[in-house]
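Trainee: There's a structure below that I have some questions on.
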Amino acid sequence: MKKQRESQCTQKTISLLSPLGTIQVSGCENGVHTIQILMDVAPAERTGEAPLSCVVNDSLAETSPELQRCVEWLQAYFSEPQTIGSLPLPAFHHPALQEDAFSSRVLQVLLRDVKFGETVSYKRLAEMAGNPRAVRAVGGAMRRNPVPLLIPCHRVISSSGQSGPYMSGKGNHLKQWLLTHERQ
């Protein structure tokens, strides 16, 4: 039933150029489905002088209000991060965020309770989500997060204070950049 409902969505994808490289946001009239960080810019090309902005590569015409809200949120995150707390988040319309499962609960707790500039350990997040022994499940929820940046899985670190993997280890440099960006 969920797959059928999702297949009836008319999705649109918007491409943005950000300090992380190209970001693709997909969604429908009901909300955002996915955010993908394409990692199309080599880390050596990411200089400290890169502008902290997020430019839309596509037309926003005929885009749902939720997708537009997501684009506005991402633009604020990169250029005026102190303002994102006052911006409404778009609705989410990905099945993983609709189901009543531990992974969904972990992502909801992360979104609600770990604020901009803060970090939380995998262990503490498992406790906050109601199962202190589910540290590995928290890691799995982070790997399956369909909307990174909006649901800030980059803020989840190991108990030792190490940043831990991001995007299955391929985006560790992006996680470091995001954490530094939020501390400034």
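Trainee: What is the residue count in the stretch 55-79 for residues that are touching a Gly at 6+ places or on another chain (Cβ under 9 Å) and among the aromatic types (F, W, Y)?
Mentor: Summing the residues that are touching a Gly at 6+ places or on another chain (Cβ under 9 Å) and among the aromatic types (F, W, Y) in the stretch 55-79 gives 0.
Trainee: Residue by residue through the stretch 117-134, note down the ones that are in a loop (DSSP other than H, G, I, E, B) and either open to solvent by less than 70 Å² (accessible area, probe 1.4 Å) or among the charged types (D, E, K, R) (or both).
Mentor: Answer for the stretch 117-134, where residues must be in a loop (DSSP other than H, G, I, E, B) and either open to solvent by less than 70 Å² (accessible area, probe 1.4 Å) or among the charged types (D, E, K, R) (or both): G117, E118, T119, A129, G130, N131, R133, A134.
Trainee: Moving on to the next point. All but one of (1) in contact with a strand residue (DSSP E or B) (Cβ under 8 Å, 6 or more places away or on another chain); (2) open to solvent by less than 40 Å² (accessible area, probe 1.4 Å); (3) of a type in the set (F, W, Y) hold for F92; which doesn't?
Mentor: With (1) in contact with a strand residue (DSSP E or B) (Cβ under 8 Å, 6 or more places away or on another chain); (2) open to solvent by less than 40 Å² (accessible area, probe 1.4 Å); (3) of a type in the set (F, W, Y) applied to F92, the lone miss is (2).
Trainee: Restricting attention to the stretch 58-80, does a residue exist that is in contact with an Asp or Glu (Cβ under 6 Å, 6 or more places away or on another chain), surrounded by fewer than 19 Cβ atoms within 10 Å (Cβ to Cβ) and of a type outside the set (V, I, T)? First the steps, then the outcome.
Mentor: Quick first cut of the stretch 58-80, residues in contact with an Asp or Glu (Cβ under 6 Å, 6 or more places away or on another chain) only: 64.
After this cut, where a residue has to be surrounded by fewer than 19 Cβ atoms within 10 Å (Cβ to Cβ) as well, the list is none.
Among the residues of the stretch 58-80, not one is in contact with an Asp or Glu (Cβ under 6 Å, 6 or more places away or on another chain), surrounded by fewer than 19 Cβ atoms within 10 Å (Cβ to Cβ) and of a type outside the set (V, I, T), which makes the answer no.
Listed here are the residues, each with its yes/no results for (1) assigned by the TED database to the domain that holds G27; (2) in contact with a helix residue (DSSP H, G or I) (Cβ under 6 Å, 6 or more places away or on another chain); (3) modelled with pLDDT under 95.
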{"site": "A101", "(1), (2), (3)": "no, no, yes"}
{"site": "K115", "(1), (2), (3)": "no, no, yes"}
{"site": "R124", "(1), (2), (3)": "no, no, no"}
{"site": "V138", "(1), (2), (3)": "no, yes, no"}
{"site": "V147", "(1), (2), (3)": "no, no, no"}
{"site": "I151", "(1), (2), (3)": "no, yes, no"}
{"site": "H154", "(1), (2), (3)": "no, yes, no"}
{"site": "I157", "(1), (2), (3)": "no, no, no"}
{"site": "S163", "(1), (2), (3)": "no, yes, yes"}
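Trainee: Here are the criteria: (1) open to solvent by less than 80 Å² (accessible area, probe 1.4 Å); (2) of a type outside the set (A, V, I, L, M, F, W, C); (3) at pLDDT below 75. Tell me which single one Q4 does not satisfy.
Mentor: Evaluating Q4 over (1) open to solvent by less than 80 Å² (accessible area, probe 1.4 Å); (2) of a type outside the set (A, V, I, L, M, F, W, C); (3) at pLDDT below 75 leaves (1) as the failure.
Trainee: Would you say S104 is closer than 24 Å to L20 by Cβ and hydroxyl-bearing (S, T, Y)?
Mentor: Numbers: closer than 24 Å to L20 by Cβ: no; hydroxyl-bearing (S, T, Y): yes.
The answer is no for S104.
Trainee: Looking only at residues in the stretch 119-144 that are in contact (Cβ under 8 Å) with a residue 40 or more places away in the chain and within 16 Å of the chain's Cα centre (by Cα), which one is farthest from A96 (Cα to Cα)? Don't jump to the end; show me each part of the working.
Mentor: Taking the stretch 119-144 first, the residues in contact (Cβ under 8 Å) with a residue 40 or more places away in the chain are 119, 122, 144.
If we keep only those that are within 16 Å of the chain's Cα centre (by Cα) as well, we get 119, 144.
Details: T119: 23, R144: 8 Å.
This residue is T119.
The values are calculated or read from the model by the stated rules, or taken from the named source; none is laboratory data. Fair warning: this is a prediction, and the values are worked out from it, not measured in the lab. All Cβ positions, glycine included, derive from the backbone under ideal geometry; neighbour counts span all protein chains shown. Only protein heavy atoms, including side chains, enter the accessible area calculation; ligands, DNA and RNA are left aside. Shrake-Rupley method; radii C 1.70, N 1.55, O 1.52, S 1.80 Å.
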